[in-house]
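Data first, discussion second: the structure below is written as structure tokens.
The values are calculated or read from the model by the stated rules, or taken from the named source; none is laboratory data. The structure displayed is predicted, hence computed values, not measured ones. Glycine gets a Cβ as well: all are built from the backbone with ideal geometry, and neighbour counts include every protein chain shown. With ligands, DNA and RNA removed, areas are computed over all heavy atoms of the protein, side chains included. Shrake-Rupley method; radii C 1.70, N 1.55, O 1.52, S 1.80 Å.
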Amino acid sequence: MNHPIASYLQTDNLGAWGTYLEQVDRVTPYLGPLSRWVETLKRPKRILIVDVPIELDDGTIAHYEGYRVHHNLSRGPGKGGIRYHPNVTLSEVMALSAWMSIKTAVVNVPFGGAKGGIRVDPKPLSVGELERMTRRFTSEINMMIGPQKDIPAPDVNTNEQIMAWMMDTYSVNQGHTSTGVVTGKPIALGGSLGRRDATGRGVFVVAKEAYADMGCDVTQAKVAIQGLGNVGGEAARLFAKSGAKVVAIQDHSGTLYNPNGFNVPDLLRHVSIAHEIKGFDGESIPAESFWSTPCDILIPAALESQITKVNAQLIQAKLIVEGANGPTTPEADDILKERGIAVVPDVIANAGGVTVSYFEWVQDFSSFFWTEEEINRRLDKIMIDAFRGIDSIAKMHHVSLRTATFIVGCERILKAREMRGLYP
Ligand code: NAD
């Protein structure tokens, strides 16, 4: 019997996973005969929940809950980041893994979708505690990961050092060095040039292309950015370098406004030391006012579900480019559409990271490393070609860029699923 919903999802609060399911429902009418397979997209292939016990520096034992989800592996090994955050839940990790399936298909890299995380606030942990937690988690998910099986990468609150510990732990367990098991590694351990900046770079490249399509010039744009981390920070740097003005910024510590444009290199220096925007020059404004600040391009680059039916009414921008995963709720999406605000969805806008992760994985296998110019040239081409393809589908079907992106992604996954067939 085909139950409409898997038992572990029978809850009223599906959060980001609910957003994803609604996105799939919206695209199903466009999938033709492939819609026969659409249920595949609504059920993760496998889920692992692990206990991660560690000894804290004060001698007490702490237990954290960790997850690794393989959403769909029809097109290749799983690919997706590891998030450390106190609000990580299974349904969030499931949604993030599903968006990875769509994203890898949209930019046509040969991966499926996966994601992982630990429900923890890593900020109070010492370096030793963070290392012990990362290594224990890696050992617990050892059965899920591997260069041919599933390749983790950084996400919110994880970085190159954490990838180095994961790679080392996996390698020790295997008995040989295996650099291809994670991406986003330090360069000295088989990381790729350009990986750290790739997601923010992709956001900027796609924003420039989409804004030009609207007959506007990015160099004249006023930009508001939520999140000044790996993604938002690099996007801010490239917008400012192009001549655009970054006029509003928000992170976990506050919201700042400067109608003349922030000095972005100084801002990024401040963030690299203080780990927050608080204390930087600019008018401090209430958090809700961020959404209504006058700007042309808005870049949400922090967490999910930030653009809601309430603040979607207030947004002044002509264009939203989603650096974060899942920042817009479906209700907000409808309001933005009615208001004529274009949205370039996450599954294309932030695909630069997974694209260069793919380059890193290829370089690790061949032990032959490319120059940064070559990486950026290939990245820009993949991002622009993918965006152009999606834009033409949006125009052909008279649908939003999000629906068009999901049409492309779902079709590629389900075609692979159909051709592989069901076993037995
Ligand atoms: P990060 O940890 O480097 O930065 C996160 C930023 O969000 C920080 O500036 C933080 O202060 C801010 N933030 C956190 N909570 C906030 C809140 N409540 N309100 C406002 N700001 C808040 O993370 P990142 O790697 O830049 O990832 C940001 C988003 O981009 C996430 O949704 C992530 O899944 C997505 N993403 C990241 C990559 C990548 O390569 N890093 C790739 C694709 C998608």
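For Arg83, the amide hydrogen comes within under 5 Å of the amide hydrogens of Gly116, Gly117, Ile118, counting only partners 5 or more places away or on other chains and with H modelled in the peptide plane.
Binning the C-alpha pair distances of the stretch 198-344 at 10 Å intervals from 0 yields a P(r) profile of 13, 48, 35, 5, 0 %, listed from the shortest bin outward. Dividing the helix sum by the residues of the chain, where each DSSP H run of 4 or more adds -39500 (n - 2.57), gives a mean residue ellipticity at 222 nm of -13500 deg cm²/dmol. Taking the centroid of alpha carbons for each part, the stretch 148-220 and the stretch 13-72 are 21 Å apart. Once C-alpha pairs closer than 8 Å and six or more residues apart are averaged by separation and normalised to the residue number of the stretch 194-255, the relative contact order reads 36 percent.
With +1 assigned to the C-beta of every Lys and Arg and -1 to the C-beta of every Asp and Glu, and no other charges, what is the dipole magnitude of the chain about the Cα centre in debye, to the nearest 20? Show your work: numbers first, answer last.
Numbers: 43 positive and 47 negative charges, 254 e Å.
With Lys and Arg at +1 and Asp and Glu at -1, about 1220 debye.
Here the Karplus relation 6.51 cos²θ - 1.76 cosθ + 1.60, evaluated at θ = phi - 60°, turns the backbone of the stretch 241-246 into coupling constants of 4, 6, x, 5, 9, 8 Hz, with x for every Gly and Pro.
For the chain, averaging the sequence separation of C-alpha pairs within contact (under 8 Å, six or more residues apart) and dividing by the residue count gives a relative contact order of 16 percent.
Only Cα pairs under 8 Å and at least 6 apart count here; give the relative contact order of the stretch 314-413 as a rounded whole percent. Before the final figure, lay out the partial values.
Working: 71 pairs, mean separation 27.5, N = 100.
Here the relative contact order equals 28 percent.
Taken as Cα centroids, the stretch 357-424 and the stretch 87-115 sit 13 Å apart, rounded to the nearest whole angstrom.
Could you please state how large a percent of the accessible area of the chain is carbon and sulfur, counting protein chains only and using a 1.4 Å probe?
On the way: 9270 of 17790 Å².
The C+S portion of the solvent-accessible surface of the chain is 52 percent.
Computed from the Cα positions only, the extents of the chain along the three principal axes stand at 56, 56, 47 Å, in decreasing order.
What's the ranking of 188-200, 164-176, 279-291 by average number of surrounding C-beta atoms within 10 Å, highest first? Could you put the intermediate results ahead of the total?
On the way: 188-200: 22.2, 164-176: 16.8, 279-291: 15.1.
My ranking of the peptides, most packed first, is 188-200, 164-176, 279-291.
At a probe radius of 1.4 angstrom, the accessible area of the chain per residue rounds to 42 square angstrom.
The phi torsions of the stretch 402-408, fed into the Karplus equation with coefficients 6.51, -1.76 and 1.60 and a -60° offset, translate into couplings of 5, 4, 4, 5, 5, 4, 4 Hz, rounded to whole numbers, with Gly and Pro shown as x.
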